[in-house]
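The values are calculated or read from the model by the stated rules, or taken from the named source; none is laboratory data. If you're wondering where the values come from, they're calculated on a predicted model, not measured in any experiment. Here Cβ is always computed from backbone atoms with ideal geometry, including for glycine, and neighbour counts include all displayed protein chains. Accessible surface areas use protein heavy atoms only, side chains included; no ligands, DNA or RNA. Shrake-Rupley method; radii C 1.70, N 1.55, O 1.52, S 1.80 Å.
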Amino acid sequence: MEELNLNQQAGTQGNKKKFNKLYAMQLATIFLGFIVFGISENIKGPAIPRIQFDFNLDEKQLGTLLSLNALGYLIACSFTAILVRKWGIKAVSVISFASMILSGVFIYVSHTYPLFASSYFFMYIGNGMLEIALAILGARIFVKNTGTMMNLSHFFYGLSSTVAPLLATGVMSLHVFGHELDWRGMYLVMLSLCLLPIIAALRSKFPGDDLPHEDRTSLKTLTRDPAIWLMVLILSFGVVS
């Protein structure tokens, strides 16, 4: 009997360690995700003057390029939730990170404005997918101390947003094999940091993907709830502001 109790205690401790490791990977995915999200959004500041000079862009072309940010988000909002339902949040998270790395490669090899604009647009589609994926992950994982954990997540976003322009300036001035990285190499290096949350996501499991579709609240039911519309209105005004 004593030996059985010892085995049960050992099994409980093993499960606790496994749970802690799993939760650590989940947190790493979210926190690192917010870090690279903040970086990808805020490295354009030091790069824009050089981009404008290299492609000889006028203000209209530059404004169109920057508007691709919002357009990429808008398109990502139209299909990301569908992909999450079909493939699961883990797959969509990895895809969003990988698409940002791939966009960094495209930006690095782009030497014409149409190719660069397409690569830039592709990056912001991945950025929009990532923001939605991180929101879903946070809602599923932060079931306790939700406010504190969301504040901590956005702390990492704010921190990376603050240091991103400084890092971008420093990386652009680096020389590798006698060649300056410049803004193309900077985008490649900074977006390659998405490898870190990919590793964390692949080593983790996320709740909610195994929930049967019949157990989910239907869109028709949600649209009849006035509280949902009020929340959408509040969030929309907040984002617009």
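Please give the number of the condition Ala47 fails out of (1) farther than 30 Å from Arg140 by Cα; (2) surrounded by fewer than 19 Cβ atoms within 10 Å (Cβ to Cβ).
(2)
Ile35 passes all but one of (1) in a helix (DSSP H, G or I); (2) surrounded by fewer than 18 Cβ atoms within 10 Å (Cβ to Cβ); (3) among the β-branched types (Val, Ile, Thr); which number fails?
(2)
Consider only pairs whose beta carbons are under 8 Å apart and that are at least six residues apart or on different chains; among these, list those whose first residue lies in region 15-43 and is among the aliphatic types (A, V, I, L, M) and modelled with pLDDT under 90 and whose second residue is assigned to a loop (DSSP other than H, G, I, E, B) and surrounded by fewer than 18 Cβ atoms within 10 Å (Cβ to Cβ).
Leu22/Lys205
Go through region 143-156 and count every residue that is open to solvent by less than 60 Å² (accessible area, probe 1.4 Å) and either within 24 Å of Phe79 (Cα to Cα) or touching a residue at least 24 places away in the same chain (Cβ under 8 Å) (or both).
2
What are the residues in region 95-135 that are under 18 Å from Ser192 (Cβ atoms) and open to solvent by 40 Å² or more (accessible area, probe 1.4 Å), if any?
Ile95, Ala98, Leu102, Val105, Phe106, Tyr108, Val109, Phe122
Restricting attention to region 85-94, which residues are β-branched (Val, Ile, Thr) and open to solvent by less than 10 Å² (accessible area, probe 1.4 Å)? Steps first, please.
Step one: of region 85-94, the residues β-branched (Val, Ile, Thr) are 89, 92, 94.
Those that are β-branched (Val, Ile, Thr) and open to solvent by less than 10 Å² (accessible area, probe 1.4 Å): Ile89, Val92.
Over 26 Å from Val171 (Cα atoms) and free of Cβ contacts under 8 Å to residues at least 12 places away in the same chain: which single residue out of Lys90, Lys86 fits that description?
Lys86
Quick one: which residue in Phe116, Phe106, Phe122, Phe97 is outside any loop (DSSP other than H, G, I, E, B) and within 16 Å of Leu32 (Cα to Cα)? Outline the logic, then answer.
Numbers: Phe116 fails: within 16 Å of Leu32 (Cα to Cα); Phe106 fails: within 16 Å of Leu32 (Cα to Cα); Phe122 fails: within 16 Å of Leu32 (Cα to Cα).
Within the list Phe116, Phe106, Phe122, Phe97, the selection yields Phe97.
May I ask you to list the residues in region 55-79 that are among the acidic types (Asp, Glu) and either surrounded by 15 or more Cβ atoms within 10 Å (Cβ to Cβ) or not in a helix (DSSP H, G or I) (or both)? Quick ask: steps written out before the conclusion?
First pass over region 55-79, keeping only residues among the acidic types (Asp, Glu): 58-59.
Listed by number, the list holds a single entry, Asp58.
List, please: which pairs have Cβ atoms under 7 Å, are six or more places apart or on different chains, and start with a residue in region 161-182 that is touching a residue at least 12 places away in the same chain (Cβ under 8 Å) and end with one that is outside any helix (DSSP H, G or I) and of a type in the set (Val, Ile, Thr)?
Taking only residues 6 or more apart or on different chains, the pairs are Ala164/Ile43; Pro165/Ile43; Ala168/Ile43.
Would you point out the residue of region 183-241, among those that are among the polar types (S, T, N, Q) and closer than 21 Å to Ile30 by Cα, that is modelled with the highest pLDDT?
Once the filter is applied, the top-ranked residue is Ser192.
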